[in-house]
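Enquirer: My questions will all concern the structure given below.
What follows draws every value from the coordinates through simple rules; no lab data is involved. All values reported here derive from a predicted model rather than from experimental measurement. Cβ placement follows ideal geometry from the backbone for every residue including glycine, while neighbour counts extend to all protein chains displayed.
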């Protein structure tokens with residue numbers, strides 16, 4: 001392939017090592033470097049495929065959003081299990097696609113001939129020559145990019161993008177929301193308690209597990225990570241030099257609660273992905289980093305999953 005092979009600094013073979021935690025496989029390098037805290041095993045590969053299928057429905061099967069005729073070179077940053085990269089390579093057989101990720105553990109064994117991979121940490125500066133790619137794609141990397149790295153990461157993308165080329169960034173803000181405002185955290189609720197042979201009125205705290213999950217997860221990642229990076233993306237892109245910037249906020253339903261048939265299909269497809277995401281994303285951060293007891297963690301995940309599937313809550317993640 002003619003795609004430049006230097007990107008960030010290539011990692012040694014030691015970064016191929018994994019460690020087992022609570023029955024799941026994690027990248028040893030990623031945990032030790034504080035880079036990425038999600039599993040890198042077969043279960044996660046299956047979940048990422050679910051997520052890819054959901055996003056395909058959200059984006060009406062469009063892999064590339066900008067008006068590009070025939071891209072010749074594409075860089076996929078944080079390619080994960082390479083679902084997007086594989087489909088793009090298959091749809092554009094004359095285009096050279098390069099996927100980079102800090103973990104090699106989820107990459108396919110037999111990719112299309114025009115798709116290549118490198119193991120790289122996106123927290124290191126890119127060393128690609130300038131003006132190398134027609135399109136740079138970055139998707140769901142907020143859990144891996146250090147908070148301080150984001151502005152220079154976007155600048156690196158701008159530098160390696162060809163004049164007239166495009167950048168496409170997709171991020172999900174894992175702060176559970178409710179389309180009808182019923183999802184609450186730490187709000188007061190009237191209740192009745194027995195006292196001296198009679199029921200007494202009191203006001204106590206009530207919270208939804210999804211809100212608690214989001215709060216715990218986001219607070220655990222901060223300040224090293226910036227899980228709210230999507231909210232600042234347009235500004236970083238403008239500062240880097242990009243023009244014709246379009247930013248769109250999408251409601252990604254956790255289940256089929258919408259009255260719109262299209263969103264119902266998306267929510268139905270997303271149900272299993274969310275069920276797995278709630279556990280895999282938070283397992284290491286909550287139980288290892290904040291020392292949440294496993295029993296409490298399992299109860300939180302069970303309740304959060306139930307609420308995600310409760311149509312009356314109309315729960316979603318902003319995309």
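Enquirer: Please compute the length gained on full extension between residue 247 and residue 49, using 0.36 nm multiplied by the number of residues separating them and subtracting their Cα-Cα distance. Working shown, then result.
Expert: Numbers: separation 198, 0.36 × 198 = 71.28 nm, distance 2.49 nm.
Contour length minus the Cα-Cα distance gives 68.8 nm.
Enquirer: Here is a further query. Rounding to the nearest 10 and keeping the result within 0 to 90°, find how far the Cα-based axis of helix 294-308 lies from the longest principal axis of the chain.
Expert: 80 degrees
Enquirer: Does anyone have the angle between helix 261-284 and the longest principal axis of the chain? Alpha-carbon axes, 0 to 90°, nearest 10?
Expert: Relative to the chain, helix 261-284 is tipped by roughly 90 degrees.
Enquirer: Arrange 294, 254, 140 by Cβ neighbour counts within 10 Å, fewest through most, would you?
Expert: Working: 294 11, 254 28, 140 18.
Listed from fewest to most nearby Cβ atoms, that is 294, 140, 254.
Enquirer: Using Cβ contacts closer than 10 Å as the measure, can you line up 119, 245, 274 from fewest to most? Before the final figure, lay out each step's value.
Expert: Working: 119 20, 245 13, 274 26.
Fewest to most other Cβ atoms nearby, the residues stand as 245, 119, 274.
Enquirer: With springs only between Cα atoms under 10 Å, which of 104, 163, 227 fluctuates most in a Gaussian network model of the chain?
Expert: The residue with the greatest mean-square fluctuation here is 163.
Enquirer: Suppose we keep just the DSSP beta bridges with both residues in the chain; what percent of those would be antiparallel, to 5?
Expert: On the way: 20 of 40 bridges.
Restricted to the chain, the bridges split so that about 50 percent are antiparallel.
Enquirer: In deg cm²/dmol and to the nearest 500, what is the mean residue ellipticity at 222 nm of the chain if only DSSP H runs of at least 4 residues count, each as -39500 (n - 2.57), divided by the residue total?
Expert: Details: 8 runs with 103 residues, N = 319.
The helix contribution divided over the chain gives -10000 deg cm²/dmol.
Enquirer: Mean separation of Cα pairs under 8 Å and 6+ residues apart, divided by the residue count of the range 26-163: what relative contact order is that in percent?
Expert: On the way: 202 pairs, mean separation 33.4, N = 138.
So the answer I get is 24 percent.
Enquirer: Right, here's the next one. Using only Cα atoms, find the angle between the long axis of helix 42-58 and the longest principal axis of the chain, and express it within 0 to 90 degrees, rounded to the nearest 10.
Expert: Between the helix axis and the principal axis of the chain, the angle is about 90 degrees.
Enquirer: In addition: Mean-square fluctuation check for the chain, GNM, Cα pairs under 10 Å: which of 219, 180, 273 is largest?
Expert: Comparing 219, 180, 273 in a Gaussian network model of the chain, the most mobile one is 180.
Enquirer: Find the relative contact order for the chain and round it to a whole percent, using C-alpha pairs within less than 8 Å whose residues are 6+ positions apart. Mind showing how you got there, number by number?
Expert: Numbers: 581 pairs, mean separation 58.1, N = 319.
Relative contact order of the chain: 18 percent.
Enquirer: Any idea how far the Cα center of the range 71-125 sits from the one of the range 227-274, in Å?
Expert: Cα centres, the range 71-125 to the range 227-274: 22 Å.
Enquirer: Name the most mobile residue of 221, 249, 48, meaning the one with the largest mean-square fluctuation, in a Gaussian network model of the chain with Cα contacts below 10 Å.
Expert: It is 249.
Enquirer: Where a ≥ b ≥ c are the square roots of the eigenvalues of the C-alpha gyration tensor, would you call the range 91-141 rounded, which needs a/c under 1.5, or, failing that, prolate if a/b is larger than b/c, or oblate? Mind dumping the intermediate values first?
Expert: Working: a/c = 1.88, a/b = 1.10, b/c = 1.71.
It comes out oblate by the Cα gyration axes.
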